[in-house]
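Inspection log for the structure reproduced underneath, given as structure tokens.
The values are calculated or read from the model by the stated rules, or taken from the named source; none is laboratory data. Just so we're clear, the structure is a prediction, and the values are computed from it rather than from any experiment. Note that each Cβ is placed from the backbone with ideal geometry, even for glycine, and that neighbours are counted across all protein chains shown.
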Amino acid sequence: MHEEMSQNASPDRLLDAVVIGGGQAGLAIAWHLKRQGLRFVVLEAESQLGHTWRHRWDSLKLFTPAQYDGLPGMPFPGPADTYPTKDPVADYLQTYVTAFDLPVRLNARVTSLTRTDHGFEVRTADDTIQARQIVVATGPFQVPFVPPAAQGLEPAVTQVHSASYRNPDALPGGPVLVVGGGNSGFQIAEELAGTRQVDLSIGERAPMLPQRLAGRDLFWWLTRLRLLRVTVDSRLGRRASRREFIIGTNKRRLRKVGVRFRPRLVEADGRTVRFADGSTLDAVGVVVWATGYRTDYTWIHIPAAVEHGRVVHRRGVTEIPGLYFLGLSWQHTRGSALLGFVNKDAAYLADQIATHHRASAPAKAGVAGFQGRGAGSGS
């Protein structure tokens, strides 16, 4: 990765800020930036808001109840202690943009971010935008990850990542091997077990938490006990951030519906897979890889911001003045990447942006929007 410095950036062309990513994190900070009266634009790579939500599997439900799922300024619609499905979440994001007239540009995938003499330059396929400050809000779910062992399976084996899984009917008939012991793996394995034999391969044991305790939702307890405020740099936060928690289900529940648990998958050959304990599973026909995602920051040509694929930051603030990240997993607390809790980090970064703006550019009378080629409200 190399750093490019443009010498031709003109101060009078600069926006106050560009937000890269129009998901929950990007929209949360856009709300704050508009209230500050800044000139900014939100760049969303996809053709519609909520694309990531709409393209998850059909039965997906949030494990946070509706009363905890709102972005700043707008509660999430829905009765308390109900669990929204994916499409209402996507609809909510669209409604949110419309209600606050946020300047979102769709079909604007960023291909390059570089520094300039006066700030930053953002390039998409159709345009080049210059800004004093940048918020990268592309989130933790960027590139589906499939382990190298998958290459050992023969072409006749159907392989689907959880990002592309939709429902049991979309898969060929017969047994299914689900690989991955996170919330996605457990939920998909339980759904598939209703119509076929399912084996679930788990690499690491994860703590399992019930959805409700003593008549209250788990997140009622987490907020009342202030556990969602535990920071990643605390002793408890460091321990919790190293593992995923399984919420609302457990091994006993899955065993009751016939799911067979297997150790970590280590090798595949043809239609046979081998697990860490030496056991094997033959005649594998369908594999669902619930093995998570990896980030992709190859488009960021600012080495001090990303090292070995990892963001270098403290609570989203990098060492590069004016460059911020938002919506990262455990960016500051467990809620940093959750729909209804990202606002705390967004408000914090908005304060940082306002301070930097006052220091670097005298306040101007202007509108909190951006009109340019392809710009729109996202509605």
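Anything in the stretch 297-319 that is buried (at least 17 other Cβ atoms within 10 Å of the Cβ), closer than 21 Å to ASP117 by Cβ and either of a type in the set (Gly, Ala, Ser) or touching a residue at least 24 places away in the same chain (Cβ under 8 Å) (or both)? List them, or say none.
TRP299, ILE300, HIS301, ILE302, ALA305
Among the candidates VAL104, VAL110, VAL97, which residue alone is closer than 25 Å to GLY292 by Cα and among the hydrophobic types (A, V, I, L, M, F, W, C)?
Working: VAL104 fails: closer than 25 Å to GLY292 by Cα; VAL97 fails: closer than 25 Å to GLY292 by Cα.
Criteria check complete, one pass: VAL110.
Test GLN36 against the stated conditions and say whether it is surrounded by fewer than 21 Cβ atoms within 10 Å (Cβ to Cβ) and either over 21 Å from the mean Cα position of the chain (by Cα) or not assigned by TED's automatic domain parsing to the domain that holds HIS301 (or both). Quick ask: steps written out before the conclusion?
Details: surrounded by fewer than 21 Cβ atoms within 10 Å (Cβ to Cβ): yes; either over 21 Å from the mean Cα position of the chain (by Cα) or not assigned by TED's automatic domain parsing to the domain that holds HIS301 (or both): yes.
Yes; evaluated as a whole, the condition is true for this residue.
Being part of a strand (DSSP E or B) and not charged (D, E, K, R): is that true of VAL284 here?
Values: part of a strand (DSSP E or B): no; not charged (D, E, K, R): yes.
Against the criterion (part of a strand (DSSP E or B) and not charged (D, E, K, R)), VAL284 does not qualify.
Please work out which residue is surrounded by the fewest Cβ atoms within 10 Å (Cβ to Cβ), limiting yourself to the stretch 112-138 and to residues that are in a loop (DSSP other than H, G, I, E, B) and not hydroxyl-bearing (Ser, Thr, Tyr). Walk me through it before giving the result.
Of all residues in the stretch 112-138, those in a loop (DSSP other than H, G, I, E, B) come to 117-119, 125-127, 137-138.
Subset that is not hydroxyl-bearing (Ser, Thr, Tyr): 117-119, 125-127, 137.
Values: ASP117: 11, HIS118: 20, GLY119: 25, ALA125: 9, ASP126: 12, ASP127: 15, ALA137: 30.
Taking the candidates together, the pick is ALA125.
Restricting to the stretch 158-185, count the residues that are surrounded by fewer than 18 Cβ atoms within 10 Å (Cβ to Cβ) and more than 30 Å from LEU339 (Cα to Cα).
Residues in the stretch 158-185 being surrounded by fewer than 18 Cβ atoms within 10 Å (Cβ to Cβ) and more than 30 Å from LEU339 (Cα to Cα): 5 in total.
Only one of (1) in contact with a helix residue (DSSP H, G or I) (Cβ under 9 Å, 6 or more places away or on another chain); (2) surrounded by fewer than 22 Cβ atoms within 10 Å (Cβ to Cβ) fails for THR95. Which number is that?
Here THR95 clears every test but (1).
List the residue pairs whose Cβ atoms are under 6 Å apart, where the first residue sits in the stretch 336-360 and is of a type in the set (S, T, N, Q), the second is in a helix (DSSP H, G or I), and the two are 6 or more positions apart or on different chains.
From the stretch 336-360, the pairs are SER336/ASP345; ASN343/ALA28.
Out of the residues in the stretch 192-242 that are of a type in the set (A, V, I, L, M, F, W, C) and in a loop (DSSP other than H, G, I, E, B), which is surrounded by the fewest Cβ atoms within 10 Å (Cβ to Cβ)?
Start the filter on the stretch 192-242 by keeping residues that are of a type in the set (A, V, I, L, M, F, W, C), which leaves 192-193, 198, 200, 202, 206, 208-209, 213-214, 218-222, 225, 227-228, 230, 232, 236, 240.
Applying the additional criterion that residues be in a loop (DSSP other than H, G, I, E, B) yields 193, 202, 206, 214, 225, 230, 232.
Numbers: ALA193: 21, ILE202: 23, ALA206: 17, ALA214: 7, LEU225: 10, VAL230: 21, VAL232: 19.
The selected residue is ALA214.
In the set ARG271, ARG262, which member is of a type outside the set (A, V, I, L, M), within 28 Å of SER164 (Cβ to Cβ) and touching a Gly at 6+ places or on another chain (Cβ under 8 Å)?
Numbers: ARG262 fails: touching a Gly at 6+ places or on another chain (Cβ under 8 Å).
Of the residues listed, the single one that is of a type outside the set (A, V, I, L, M), within 28 Å of SER164 (Cβ to Cβ) and touching a Gly at 6+ places or on another chain (Cβ under 8 Å) is ARG271.
Here is a yes/no grid of residues against (1) closer than 18 Å to TYR297 by Cβ; (2) in contact (Cβ under 8 Å) with a residue 60 or more places away in the chain; (3) of a type in the set (Asp, Glu):
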| residue | (1), (2), (3) |
| --- | --- |
| ALA125 | no, no, no |
| VAL135 | yes, yes, no |
| GLY139 | yes, yes, no |
| PRO144 | yes, yes, no |
| VAL157 | no, yes, no |
| VAL160 | no, yes, no |
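If you go through the stretch 75-83 one residue at a time, do you hit one that is modelled with pLDDT of 95 or more, under 20 Å from the mean Cα position of the chain (by Cα) and either under 30 Å from ARG13 (Cβ atoms) or hydrophobic (A, V, I, L, M, F, W, C) (or both)?
The answer is yes; a qualifying residue exists.
Counting only residues that are touching a residue at least 40 places away in the same chain (Cβ under 8 Å) and not small (Gly, Ala, Ser), which one in the stretch 223-244 is farthest from LEU328 (Cα to Cα)? First the steps, then the outcome.
From the stretch 223-244, those touching a residue at least 40 places away in the same chain (Cβ under 8 Å) are 223, 227-232, 237, 240-241, 244; that's our starting set.
Then keep just the ones that are not small (Gly, Ala, Ser); that gives 223, 227-232, 244.
Details: THR223: 20, LEU227: 18, LEU228: 15, ARG229: 15, VAL230: 16, THR231: 13, VAL232: 12, GLU244: 14 Å.
If we take residues in the stretch 223-244 being touching a residue at least 40 places away in the same chain (Cβ under 8 Å) and not small (Gly, Ala, Ser), then THR223 is farthest from LEU328 (Cα to Cα).
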